[in-house]
Every structure is written in structure tokens, then in C-alpha cells.
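As C-alpha cells, the structure follows; a few thoughts come after it.
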Amino acid sequence: MSRKNVVVLFLICNCLSPLHGDEEKQPSFDLGPESKRQDGIPRGEVTRHEWRSTILDGTLRQWYLYVPAQYDGAKPAALMVFQDGHAYVSEEGDVRVPVVFDNLIHRGAMPVTLGIFLNPGLFTDKIQGRQGWKVPDGVKMNRSVEYDSLSADYVIFLEKEILRKVSEDHNISGDPSMRAICGMSSGGICAFTAAWQRPDLFRKVVSHIGSFTNIRGGHVYPALIRKGEKRPLRVFLQDGSNDLDNAHGNWWLSNLQMEKALKFRGYDFKTVWGKGGHSGKHGGAIFPETMRWLWRDWKESGK
């Protein structure tokens, strides 16, 4: 690994602590009832798997599949893909997606939706235990290459490997407006890149504390949005004014630039700003309302 890549990896890993900076200066974010288990709500099933990718340099990763209780395969289901899947799928984490999905699908606030939770690739022969933020000694992680790059490599991996695999046993909608993709930090810019590169696959994006900074060139997105071909995307951005400020850029200002660019080009977008730091807590607290906004017209569109 080159010295440059070591520096990049150090900075990115440093960004992924549960809360960056002085915790006493960060606001608190409480989870609402739709992020908690409710009596009488059918529970979906979550299963864990492993995948070795041929497209992404032979990397190995753990991933999870959520299937809601209402899914029967008779009709195509909506789809939502999450980067850093372990952080989103955990029912003790900041976001608790399976719980939120169970509650909102039951109430008809979102369609019957399959959830795919992908962890970043590792260069290793096997993964011991559950894959999380911490990388075992001697194991290299491919997260920055996969998430921060602006190429189509990652979304091609999703299409050709993961979605193809899930489609073998599940009926996934081919309508890109019924497909969403989400992530935090570098996973947030990854979600946007996937939809930007392939709006024929994904047209809904959720970015929590997105890294629209110069880790691998992502700071150019506001300019690309302003001057590039307008994509048929719906975009949700969340960030806080106490987010990171380092050699790669200022996360808060970068997200504000994204907001201005999306507004300038007339995109369907929403932003929720706060005073939090580089953490999933704010995004998790508002996740149920984020899903209500993201899927707000799924019934009217006849899906």
C-alpha cells in the first residue's frame, strides 16, 4: 500500500468513529416510536451472507438481506440498498432499518421493500465473526476505492453480481423509481454516484453526512450537477454544521454546495440540516420521516 493510500485510509477510518469530536458539544438525537419495535407489527426476516466479487478485485464481504413479512413474490417488490450495511441493519444501531421498514410497510407509508445491506470489500481469505467498522490486523479494506471513486465500477458490481444473485430467488421491481440506495459518509457519496452513473437502475438516493469532498474527486459533484445532463433522481441529504473539516475538505460546506446545485437544476430533493458531527445519530433519528418523503408517491404512481 502506498504512503498516499495509507494516509487516505487513516483519515477515512478516523471519520468512522461513532461520533467525531467532543461528544459533549454534540446535540442528542432521540429515536421516535417508528424506530422501535411495536406490538402487533409483522417482522421481516434478516439473513446474513458472504460474497466474493470478481468485478471488485476478488474482495470478500458480508452482506444482509431483509425480506418483509408482506412479501410473497406475486408482485415485484421495491428495493433499497445500503452501504456499510452492518451500521444500517443492526437493531441496536443508530438507524435500525429493519425496525423502521417493518413499521412503515405495515402502515402503508412505503411499498413492500427488500433491503440489501452491503459491507465494503476486504482483501482476505475469510471473515471472522461479524464484519463492522474495525478491520482486523493485516487485512486491507477496499472501502474508499469502492465508495469514494466516481466511476461506475461499484454500481456495475451491484447490477451484475448482487442484484442478479438476489433476483434468483426474489421478485425485484425493474422500475428504477422503485429502487433506492443509501449510505453514510463515503457510503453517502457512493449512493449518489451509483444513481448518477446508472439512473436506469436507481432513482432514489439518501445520503447521510455524505463525503462530497476531495477524497477521490467527489468535490466536483456540484459542478457536474450544474452543467451536466439532468438525471431523473430524487435526492435526500442530511448533515450537521459540526461535521468534518480536514485535508479532504469541509463536509458541511460540501453538502451545502450540493444543496445549491440541486436547487439550481430543479432536482426533486430535500435537505435536513442540524448541528451534529460525523455520526449516524441524526440521520437515524429522522430516518422514518426520510422514508416517508422518499416513497411519498408510491401509491399514486400505481406501483
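The values are calculated or read from the model by the stated rules, or taken from the named source; none is laboratory data. Note that the structure is predicted; figures quoted are calculated from it, not measured. Note: ideal-geometry Cβ built from the backbone for every residue, glycine included; neighbour counts use all protein chains shown.
Residue 189 - would you say it is at pLDDT 95 or above, in contact with a His (Cβ under 9 Å, 6 or more places away or on another chain) and closer than 23 Å to residue 240 by Cβ? No. Taking the criterion of being of a type in the set (A, V, I, L, M) and either surrounded by fewer than 24 Cβ atoms within 10 Å (Cβ to Cβ) or outside any loop (DSSP other than H, G, I, E, B) (or both), the residues of the stretch 84-109 that qualify are 87, 89, 97, 99, 100, 104, 105, 109.
Entry remark, the stretch 222-249: residues being assigned to a strand (DSSP E or B) and touching an Asp or Glu at 6+ places or on another chain (Cβ under 8 Å) number 3 in total. The residue pairs whose first member lies in the stretch 56-79 and is farther than 13 Å from residue 119 by Cα, whose second member is among the acidic types (Asp, Glu) and part of a loop (DSSP other than H, G, I, E, B), and whose beta carbons are closer than 9 Å, counting only pairs six or more residues apart or on different chains, are 73/169; 76/175; 78/175.
Does residue 189 fit the bill of being assigned to a strand (DSSP E or B), aliphatic (A, V, I, L, M), in contact with a Phe, Trp or Tyr (Cβ under 6 Å, 6 or more places away or on another chain) and in contact (Cβ under 8 Å) with a residue 40 or more places away in the chain?
no
For the stretch 103-155, give me each residue that is aromatic (Phe, Trp, Tyr) and either free of Cβ contacts under 8 Å to residues at least 12 places away in the same chain or touching a Phe, Trp or Tyr at 6+ places or on another chain (Cβ under 9 Å) (or both).
Those that are aromatic (Phe, Trp, Tyr) and either free of Cβ contacts under 8 Å to residues at least 12 places away in the same chain or touching a Phe, Trp or Tyr at 6+ places or on another chain (Cβ under 9 Å) (or both): 117, 147, 154.
The number of residues in the stretch 273-288 being surrounded by 15 or more Cβ atoms within 10 Å (Cβ to Cβ) and over 16 Å from residue 183 (Cβ atoms) comes to 6.
Go over the candidates 58, 115, 73 one by one and state the one that is modelled with pLDDT of 95 or more and buried (at least 21 other Cβ atoms within 10 Å of the Cβ). The match here is 115. Could you list all residues from the stretch 235-264 that are surrounded by fewer than 21 Cβ atoms within 10 Å (Cβ to Cβ) and in contact with a Lys or Arg (Cβ under 7 Å, 6 or more places away or on another chain)? Residues satisfying the conditions are 241, 261, 264.
With respect to the conditions (1) buried (at least 22 other Cβ atoms within 10 Å of the Cβ); (2) in contact (Cβ under 8 Å) with a residue 40 or more places away in the chain; (3) within 23 Å of residue 155 (Cα to Cα); (4) not aliphatic (A, V, I, L, M), residue 51 lacks only one, and its number is (1).
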